[in-house]
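Contents: one structure, followed by commentary.
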Amino acid sequence: MSRRRPAVFLIFLLLAAVPALADATLAQTMRDVERIRALKFKQDVRTVAIDRDRLPVMLRAQMQKGLPYSWDDFLVVLRTLRLVDPSTPDVQGKLIDLLQQQVLAFYDPDTHVYYSINQAPKGLPDTPPEISLDTGVAAHELTHALQDQYFDIGGKDRKTRDDADGGLALHAVAEGEATLVMLGEMSEPLGVPVEKIAANDVMLSAMSAASQNMVGVPEGTPRYFVQSLAFPYVAGLKFVTTAFRKGGWDAVNKIYANPPKTTREVLHPDEYFAGKRTASPYGNDPAIPVRGHLLSVEHLGEWHWGFLVGAENARGWRGDRVTLAQNDTCDATALIETKWDTAEQAAKFRDAYAAFLKKEKIDARVDLRTPDEVDVAYGADDVLIERFMNR
């Protein structure tokens with residue numbers, strides 16, 4: 001049985017690029033991060049600088065490490081759910097091209113190594129001379145090293161690999177925290193400490209947009225790749241800043257003891273911090289016994305459904321389970337269960353998703369199983385669909 005999130009992979013990225021820091025500057029940046037983040041490194045961080053032409057091979061290896069099945073199966077998941085248009089050619093190549101253009105540095109918690117990249121990608125915009133983007137990048141990745149040393153972020157990530165929604169939520173915490181530290185590192189020379197950034201919505205939004213703006217996205221890149229890469233930085237920064245405003249870095253530390261388990265909790269931080277947690281009513285087993293090959297059982301969450309049908313139609317999400325199966329000729333069938341806060345929200349999602357599937361020319365069964373539950377089924381196996389919808 002294969003179950004794993006249809007996200008990216010176990011790697012913490014920064015969506016910007018600048019030259020690698022000299023050792024002395026990196027050591028100073030480590031001291032800056034300790035002061036800004038109010039945590040001391042438990043040990044030195046191993047750093048490796050690579051040339052940009054090595055990045056595609058390393059990214060492919062990281063992707064394969066993060067998937068329990070082949071890239072071809074992963075592609076079936078993306079296309080069946082219409083996260084990626086089925087007509088898009090060379091999907092893996094387009095993802096690699098996007099990352100090649102966007103990524104400067106990454107921290108791998110499996111090996112505890114911070115990788116910097118010597119060459120900047122083409123088209124990187126200039127920054128004001130008083131703002132050091134290179135030290136900001138280093139501060140971001142060094143924050144991931146602190147997360148590794150104090151909160152076992154890699155171990156937590158591995159525990160969410162059967163949960164697309166939970167994995168994306170955890171990454172949002174990690175990237176949001178690292179982004180806040182990065183903004184603090186970059187703004188201090190201007191006399192703006194991290195506390196002032198966190199307290200100012202206008203400043204926070206402007207600096208976040210400027211620092212995480214994706215420039216040079218290759219033509220033809222699937223929108224899903226762009227938006228799923230950006231989500232942890234943008235929504236995660238809002239989430240972590242909400243905690244910081246409530247109790248500084250001590251409040252951020254406490255998140256890791258009980259991190260958000262869904263993107264709903266990240267998208268609506270006031271719910272999370274008020275103790276309104278989202279416990280999914282569905283498990284990790286398939287909805288019903290499937291014939292043929294069980295490809296995956298996924299939990300998509302509010303963010304993925306919002307991506308597909310619009311955020312306004314995904315509000316009130318309370319849980320889902322998406323069972324994907326293939327028949328003997330590898331044609332896919334999707335069995336989808338969703339639960340909502342209210343009957344009105346369930347009906348709104350049902351209508352929006354039915355319209356989306358019709359636009360995609362998918363002949364689907366879309367029914368209200370109960371007033372607050374929507375079941376959807378489509379694909380190659382009519383017998384499986386009938387059993388699911390009439391269970």
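Read the figures in this text as sums done on the coordinates, not as results from a lab. Given the structure is predicted, the values throughout are model-derived calculations rather than measurements. A quick note on method: Cβ atoms are made from the backbone with ideal geometry, for glycine too, and the neighbour counts reach across all protein chains shown.
Just name one of Ala206, Asn327, Gly166: the one whose Cα is farthest towards the positive end of the charge dipole of the chain (beta-carbon charges, Lys/Arg +1, Asp/Glu -1).
Of the candidates, Gly166 comes out farthest on the positive side.
Does a label point 7 Å from the Cα of Phe41, set along Cα-to-beta-carbon, have any residues of region 90-121 with amide nitrogen under 20 Å, and which are they?
104-118
What Rg and what Dmax come out for region 253-339 when only alpha-carbon atoms are used, in angstroms?
15.3, 49
Based only on other Cβ atoms within 10 Å, what is the fewest-to-most ordering of Ser116, Ser187? Walk me through the numbers before you get to the answer.
Values: Ser116 22, Ser187 19.
Sorted ascending by nearby Cβ count, the order is Ser187, Ser116.
Please give, to one decimal in nm, the separation of the simple spin-label points placed at Glu34 and Lys196, each 7 Å out from Cα toward the Cβ.
2.5
How large is the dipole of region 293-389 about the Cα centre if only Lys and Arg carry +1 and Asp and Glu carry -1, each at its Cβ, rounded to the nearest 20 debye?
Details: 12 positive and 19 negative charges, 46 e Å.
It works out to roughly 220 debye.
Leaving out same-chain residues fewer than 8 places away, which lysines sit with a Cα under 21 Å from that of Lys358?
Lys348
Take the cross-link list Lys94/Lys122; Lys65/Lys94; Lys159/Lys339 and give me the ones stretching past 21 Å between alpha-carbons. Intermediate values should be presented prior to the final figure.
Working: Lys94/Lys122 16 Å; Lys65/Lys94 19 Å; Lys159/Lys339 24 Å.
Among Lys94/Lys122; Lys65/Lys94; Lys159/Lys339, the Cα-Cα distance tops 21 Å for Lys159/Lys339.
Give the cross-link partners of Lys238 among the lysines, using a straight C-alpha distance below 16 Å as the criterion and excluding same-chain residues fewer than 8 apart.
Leaving aside lysines fewer than 8 places away in the same chain, those within reach of Lys238 are Lys196, Lys246.
To check my understanding: the extent here is largest minus smallest coordinate of the Cα atoms along each principal axis. What are those three numbers for region 12-273, in Å, largest first?
50, 41, 36
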